[in-house]
């Protein structure tokens with residue numbers, strides 16, 4: 001059976017870039033550029049009628065820029081977005097697009113660097129392919145309210161947790177800015193987070209999140225010891241695991257395997273690693289994101305006797321990852337982003 005091509009919409013205010021990106025993508029036989037758009041308004045209309053698998057967008061455009069376009073797209077028809085912009089684009093601009101829901105960033109071809117187009121082409125094709133695999137349709141809402149989380153806490157109040165592990169993707173940067181600063185400085189356990197972000201941006205994002213939070217927030221480094229009240233964000237490009245060091249202390253470990261994972265870091269890898277160390281004393285949280293990363297990890301947590309919370313569809317930018325956990329029967333309770341901090345604290 002022939003696999004249908006990946007259908008892409010290209011948005012850029014430059015005719016040269018639109019033409020070049022189309023050529024770069026269509027050189028790959030598995031990608032079809034179904035349309036190009038010169039501005040965000042045109043692109044939003046085309047997405048509604050053509051329903052592409054992936055959208056590429058420039059970051060800096062007249063009128064509605066790439067970040068605001070992504071925000072509006074996620075509100076209307078969530079679709080994986082790859083930002084294609086100049087290499088010198090500021091971290092602030094790129095992070096704004098990621099907070100709006102973009103899944104990746106790559107350099108754009110320029111008229112002054114046409115000899116380097118082939119270098120950029122391979123990266124662009126790879127990232128578009130990866131983005132297409134994250135696409136997931138929206139489903140019917142799951143049971144989701146604060147009382148469900150509180151009821152769960154009442155049932156499990158005797159159960160102790162030693163770690164909170166969070167998996168999050170599309171819409172994650174903005175969601176974590178709402179969640180993490182609302183956790184108290186005396187949080188009794190460490191928090192480990194896997195968020196799907198492009199390589200090179202997790203350190204800056206962790207620093208920004210730490211400025212907003214009473215907790216210590218940092219990008220995870222190999223060998224970091226886990227401490228209560230500490231938040232470690234997985235470094236993009238590396239899996240985050242947990243293990244005991246030679247002194248018996250529990251530490252973070254970064255590695256490349258499994259290299260076959262769709263995502264690196266992988267939520268599944270972190271969740272399973274937490275179970276290997278703490279068994280049923282793991283509280284897993286699966287939040288907004290495309291695809292199903294976290295479902296297998298949630299199964300490991302549940303099989304060990306741990307607990308899994310999912311973010312409700314009402315507050316998700318994309319209800320993909322939480323939905324996959326709910327539909328697999330692995331969610332103990334769903335609650336909105338607004339209710340999530342209280343739900344976590346009630347359980348702890």
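Just so it is clear, none of the values below were taken in a lab; they were calculated from the coordinates. All values reported here derive from a predicted model rather than from experimental measurement. Don't worry about glycine lacking a Cβ; one is built from the backbone with ideal geometry, like all the others, and counts go over all protein chains shown.
With mean projected area of the Cα convex hull in nm² defined as stated, name the option among (i) 19.6; (ii) 27.5; (iii) 17.8 computed from the structure displayed.
(iii)
Starting from the Cα gyration tensor of segment 146-347, take the square roots of the eigenvalues, sort them a ≥ b ≥ c, and report rounded, prolate or oblate (rounded when a/c is under 1.5, otherwise prolate if a/b is larger than b/c, else oblate).
Since a/c stays below 1.5, the shape of segment 146-347 is classed as rounded.
Ranked from highest to lowest mean number of other Cβ atoms within 10 Å per residue, what is the order of the peptides 322-330, 211-219?
322-330, 211-219
Considering every Cα-Cα pair within segment 6-133, what fraction, in whole percent, is farther apart than 23 Å?
Numbers: 1581 of 8128 pairs.
Above the 23 Å cut-off, segment 6-133 has 19 percent of its Cα pairs.
Which one, 287, 61, 195, has the greatest fluctuation when you compute a Gaussian network model over the chain with C-alpha springs under 10 angstrom?
61
Measure nothing fancy, just the Cα-based angle from helix 117-133's long axis to the longest principal axis of the chain, in degrees from 0 to 90, nearest 10.
On a 0 to 90 degree scale, this one is about 50.
Label residue 255 and residue 23 with points 7 Å out from Cα along Cα→Cβ: what is the distance between them in nm?
4.5
Would you give the gap between the C-alpha center of segment 287-327 and the C-alpha center of segment 180-201, rounded to a whole Å?
For segment 287-327 versus segment 180-201, the Cα centre distance is 17 Å.
For the chain, what is the mean residue ellipticity at 222 nm derived from helices alone (per DSSP H run of n ≥ 4: -39500 (n - 2.57); sum divided by total residues; nearest 500 deg cm²/dmol)?
Roughly -11000 deg cm²/dmol at 222 nm, from the helical runs in the chain.
Points 7 angstrom from Cα along the Cβ direction at residue 42 and residue 185: gap in nanometres?
Output for this residue pair reads 5.3 nm.
What order, most packed first, do the peptides 50-56, 99-105, 202-208, 250-256 have when packing is the mean number of other Cβ atoms within 10 Å of each residue?
The most tightly packed comes first, giving 99-105, 50-56, 202-208, 250-256.
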